[in-house]
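Accompanying notes for the structure given below.
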Amino acid sequence: MSATRYTYLGPEGTFTEAALRSLPEAATRELVPMVSVPAALDAVRNGEAAAALVPIENSVEGGVTATLDELASGEPLMIYREVLLPIAFALLVRPGTALSDIKTVTGHPVAQPQVRNWLRKHLPEAVWESAASNADGARLVQEGRFDAAFAGEFAAATYGLEALVKEIHDAENAETRFVLVGRPARPAAPTGADKTSVVLWLGEDHPGALLELLQEFAVRGVNLMLIQSRPTGAGIGNYCFAVDAEGHVSDRRVGEALMGLKRICPQVRFLGSYPRAGASRADVRPLRRGTSDEEFTAASDWLARAQDGRA
């Protein structure tokens, strides 16, 4: 395995590359762009790279399904950290192009909902066609196949383009969450401001099946930060659920919730416990009564004494 190589969703000039370069260790790694999320993660699975950075959630469109599906299937991988990146698009064109010249535009499918209103207002007649990534859209403009692309402003220099319009976004404070994924190993020590990710499969479908999963978290005071259903491929109505929960697997309340889920789910895939991006210990939600590690320990000690006739 190459311990110095990190892959990412390419080509060069993507928001994913920008997010990866924000990590301190990126300066000492070989950063290799890949054509897709599966390709970036497969490089980790087969030992060609130590880790991969891929997008997993967008504040406008929600979960990135390609990443969620890849993490739920195939050889297991684990999340080790996350990166939040503010997202604003630039309209990249070949030098000399005016707004009135633009008849065709391109970009990643996730970009379109974030610039839809701007397009309707400023380029109502332009035809949109999706690209494999925003940076790939810039490359297609460079090749003359489209008149303009929505991408990060930083991609302009890479592809010999210029930013005709900057800071385009329909939603203020839009951001994308990226995760650094590697092969399974012991999670890092808890920081006090952590997140735990799992994928859960429902057993036999019945009224209240999803509620049973959620109660395992609720009764232990574990807050959920994301829950998204994904089809398993086994037919209509068969779903698994990607879940992000506050806390670390070593926290008693989180660990016991996962044990409860393992008892009732046919399959549970642990995707890791890692520091929450932009959070500090002071940001942790106050625990409700009865859900701290100390209270779990006290209850466990009481039960042991009861079983021993000393309660």
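The values are calculated or read from the model by the stated rules, or taken from the named source; none is laboratory data. All figures in this text were calculated on a predicted structure; none of them were measured in a lab. Counting neighbours? That spans all protein chains shown, and the Cβs are built from the backbone with ideal geometry, glycine included. Accessible surface is based on the protein model in full, side chains and every heavy atom, while ligands, DNA and RNA are left aside. Shrake-Rupley method; radii C 1.70, N 1.55, O 1.52, S 1.80 Å.
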Notebook entry, point to check: Given the conditions (1) within 24 Å of GLU75 (Cβ to Cβ); (2) of a type in the set (A, V, I, L, M, F, W, C); (3) in contact with a Phe, Trp or Tyr (Cβ under 7 Å, 6 or more places away or on another chain), and given that TRP201 satisfies all but one, which numbered condition is not satisfied?
Noted result: (3)
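From ALA40, ALA49, ALA27, which residue is out of contact with any helix residue (DSSP H, G or I) (no Cβ under 7 Å at 6 or more places or on another chain), free of Cβ contacts under 8 Å to residues at least 60 places away in the same chain, open to solvent by less than 10 Å² (accessible area, probe 1.4 Å) and not hydroxyl-bearing (Ser, Thr, Tyr)? Steps first, answer last, please.
Details: ALA49 fails: out of contact with any helix residue (DSSP H, G or I) (no Cβ under 7 Å at 6 or more places or on another chain); ALA27 fails: open to solvent by less than 10 Å² (accessible area, probe 1.4 Å).
Exactly one of ALA40, ALA49, ALA27 is out of contact with any helix residue (DSSP H, G or I) (no Cβ under 7 Å at 6 or more places or on another chain), free of Cβ contacts under 8 Å to residues at least 60 places away in the same chain, open to solvent by less than 10 Å² (accessible area, probe 1.4 Å) and not hydroxyl-bearing (Ser, Thr, Tyr), namely ALA40.
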Notebook entry, point to check: What number of residues in the range 176-188 are within 17 Å of the chain's Cα centre (by Cα), buried (at least 18 other Cβ atoms within 10 Å of the Cβ) and either more than 13 Å from GLU82 (Cα to Cα) or of a type outside the set (Gly, Ala, Ser) (or both)?
Noted result: 6
Next item on the list: Determine which single condition VAL141 fails, assuming it passes every other condition in (1) within 21 Å of the chain's Cα centre (by Cα); (2) buried (at least 21 other Cβ atoms within 10 Å of the Cβ); (3) not in a strand (DSSP E or B).
Entry: (1)
Item checked: Of all residues making up the range 215-231, the number that are closer than 25 Å to PRO275 by Cα and free of Cβ contacts under 8 Å to residues at least 12 places away in the same chain -> 3
Next item on the list: Check off (1) touching a strand residue (DSSP E or B) at 6+ places or on another chain (Cβ under 8 Å); (2) farther than 11 Å from GLY182 by Cα for VAL44 and give me the number that stays unchecked.
Entry: (2)
Checklist line | Residue tally, condition more than 22 Å from GLN112 (Cβ to Cβ), touching a Ser or Thr at 6+ places or on another chain (Cβ under 9 Å) and not in a loop (DSSP other than H, G, I, E, B), over the range 43-62 | finding: 5
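Residues being of a type in the set (A, V, I, L, M) and open to solvent by 70 Å² or more (accessible area, probe 1.4 Å): count how many of those fall in the range 4-16. Steps first, please.
Here is the first cut: in the range 4-16, the ones of a type in the set (A, V, I, L, M) are 9.
With open to solvent by 70 Å² or more (accessible area, probe 1.4 Å) added as a condition, the list becomes none.
So the answer is 0.
With the condition being modelled with pLDDT of 90 or more, open to solvent by less than 30 Å² (accessible area, probe 1.4 Å) and of a type in the set (Gly, Ala, Ser), I'd like the strands (runs of 3 or more DSSP E) fully within the range 189-271 carrying at least 2 qualifying residues.
Numbers: elements: 194-201, 224-231, 239-246.
So the answer is 239-246.
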Notebook entry, point to check: Quick one: would you say VAL32 is of a type in the set (A, V, I, L, M, F, W, C), touching a Ser or Thr at 6+ places or on another chain (Cβ under 6 Å), part of a strand (DSSP E or B) and under 26 Å from ALA193 (Cα atoms)?
Noted result: no
Check: Yes or no: ALA19 out of contact with any Gly (no Cβ under 9 Å at 6 or more places or on another chain), surrounded by fewer than 18 Cβ atoms within 10 Å (Cβ to Cβ), among the small types (Gly, Ala, Ser) and part of a helix (DSSP H, G or I)?
Finding: no
Margin query: What's the total number of residues in the range 3-14 that are out of contact with any strand residue (DSSP E or B) (no Cβ under 6 Å at 6 or more places or on another chain) and within 21 Å of TYR159 (Cα to Cα)?
Written below: 2
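Considering ARG276, ARG220, ARG269, ARG230, which residue is farther than 30 Å from LEU23 by Cβ and among the charged types (D, E, K, R)? Show your work before the answer.
Working: ARG276 fails: farther than 30 Å from LEU23 by Cβ; ARG269 fails: farther than 30 Å from LEU23 by Cβ; ARG230 fails: farther than 30 Å from LEU23 by Cβ.
Sole residue among the options that is farther than 30 Å from LEU23 by Cβ and among the charged types (D, E, K, R): ARG220.
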Item checked: Evaluation of GLU172 against (1) touching a strand residue (DSSP E or B) at 6+ places or on another chain (Cβ under 7 Å); (2) acidic (Asp, Glu); (3) closer than 16 Å to GLU61 by Cβ (one fails), failing number -> (1)
Next item on the list: Considering each residue of the range 118-175, count those that are without any contact (Cβ under 8 Å) to a residue 12 or more places away in the chain and within 14 Å of ALA90 (Cα to Cα), and give that number.
Entry: 1
Margin query: If I ask for residues that are at pLDDT below 95 and in contact with a Ser or Thr (Cβ under 9 Å, 6 or more places away or on another chain), which ones from the range 152-162 would you list?
Written below: GLY152, ALA155
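Tell me which residues, restricted to the range 186-208, are more than 24 Å from GLY278 (Cα to Cα) and of a type in the set (A, V, I, L, M).
Restricting attention to the range 186-208, the residues satisfying the condition of being more than 24 Å from GLY278 (Cα to Cα) are 200-208.
Result: LEU200, LEU202.
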